[in-house]
Amino acid sequence: EADIYQTPRYLVIGTGKKITLECSQTMGHDKMYWYQQDPGMELHLIHYSYGVNSTEKGDLSSESTVSRIRTEHFPLTLESARPSHTSQYLCASSELGRGADTQYFGPGTRLTVL
Amino acid sequence: AQTVTQSQPEMSVQEAETVTLSCTYDTSESNYYLFWYKQPPSRQMILVIRQEAYKQQNATENRFSVNFQKAAKSFSLKISDSQLGDTAMYFCAFMLTSGTYKYIFGTGTRLKVLA
């Protein structure tokens, strides 16, 4: 399996709390992505990054924010969690340039907001 | 805009049999990649197979092969000698070779291999 890690794997939290989902990769990839996936459903891109200090919003509107201060780290933050944020969040990475087509996925964080 | 359609929400196959998962896509571009990803229950999504659109030869990876029909915009996945470990969600995905490197995913096909 690919060297991309997400923590926590599972999180149950109350409405209004601030949360940060962590994603790290040890492959030196420039591109990183966050997807939201409801159980058994398709993936929706919510954020991506081309490299350090680069972040872009994805196709699905999201109230979350991301940062990319280090190549290997791409955390996602929700300032005030709501039940509508309940979902699985997948992080992925890929190389920029040769091999940029293949994305490697983390194990996901399953978030439940009560 | 590009779209990816997987018309089979669920499929089942007997162990050791062959199954084909369908995927169609829509694009006006000529240079792109196509992928099949596998997401086993509670496990990480992994790449099964990829195809560059400029290559006419269908990609193969052991028991997995694709039938890539560029004119028809079709990209089906064939799994031969199905194994219990093939039970998973399978996602078809598309990516342009230039621009943002964003994937467009299909809605997935849940495949169950029966003993």
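One table, with the values for the structure above:
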{"read-out": "Matching residues, the range B:1-14, being closer than 19 Å to B:LYS70 by Cβ and surrounded by 15 or more Cβ atoms within 10 Å (Cβ to Cβ)", "value": "B:GLN2, B:VAL4, B:GLN6"}
{"read-out": "Test: residue in the range B:94-107 that is at pLDDT 90 or above, more than 14 Å from every other protein chain (Cβ to nearest Cβ) and either touching a strand residue (DSSP E or B) at 6+ places or on another chain (Cβ under 9 Å) or within 30 Å of A:GLN6 (Cβ to Cβ) (or both)", "value": "no"}
{"read-out": "A:GLU56 being under 22 Å from B:GLN51 (Cα atoms) and surrounded by fewer than 22 Cβ atoms within 10 Å (Cβ to Cβ)", "value": "no"}
{"read-out": "Flag for B:SER7 being in contact (Cβ under 8 Å) with a residue 40 or more places away in the chain, within 15 Å of the chain's Cα centre (by Cα) and more than 20 Å from A:THR102 (Cβ to Cβ)", "value": "no"}
{"read-out": "Filtered residues of the range B:30-68 (kept if farther than 24 Å from A:PRO39 by Cα, within 14 Å of chain A (Cβ to nearest Cβ) and assigned to a loop (DSSP other than H, G, I, E, B))", "value": "B:ASN31, B:ALA53, B:TYR54, B:LYS55, B:ALA59"}
{"read-out": "Residue under evaluation B:GLN56, criteria (1) more than 14 Å from the chain's Cα centre (by Cα); (2) buried (at least 20 other Cβ atoms within 10 Å of the Cβ), criterion not met", "value": "(2)"}
{"read-out": "Top-ranked residue of the range B:15-48 - restricted to ones that are over 30 Å from B:ALA115 (Cα atoms) and surrounded by 15 or more Cβ atoms within 10 Å (Cβ to Cβ), ranked as nearest to the chain's Cα centre (by Cα)", "value": "B:LEU34"}
{"read-out": "Selected residue (only one of A:GLY58, A:GLY51, A:GLY108 is touching a Lys or Arg at 6+ places or on another chain (Cβ under 9 Å) and either basic (Lys, Arg) or more than 27 Å from A:GLY16 (Cβ to Cβ) (or both))", "value": "A:GLY51"}
{"read-out": "Some residue of the range B:84-99 being charged (D, E, K, R) and touching a helix residue (DSSP H, G or I) at 6+ places or on another chain (Cβ under 9 Å)", "value": "no"}
{"read-out": "Output for the range B:69-95, where each listed residue is assigned to a strand (DSSP E or B), crowded, with 19+ Cβ neighbours inside 10 Å and of a type outside the set (Ser, Thr, Tyr)", "value": "B:PHE75, B:LEU77, B:ILE79, B:ALA88, B:MET89, B:PHE91, B:CYS92, B:ALA93, B:PHE94, B:MET95"}
{"read-out": "Selected residue (criterion: surrounded by the most Cβ atoms within 10 Å (Cβ to Cβ)) from residues of the range A:1-45 that are in contact with a His (Cβ under 8 Å, 6 or more places away or on another chain) and more than 11 Å from chain B (Cβ to nearest Cβ)", "value": "A:TRP34"}
{"read-out": "Sole exception among (1) modelled with pLDDT of 95 or more; (2) away from chain B (no Cβ under 14 Å); (3) crowded, with 16+ Cβ neighbours inside 10 Å for A:HIS73, by number", "value": "(3)"}
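The values are calculated or read from the model by the stated rules, or taken from the named source; none is laboratory data. Quick caveat: nothing in here was measured; it's all calculated off a predicted structure. Quick reminder, even Gly has a Cβ in these numbers, built from the backbone with ideal geometry, and neighbours come from all protein chains shown.
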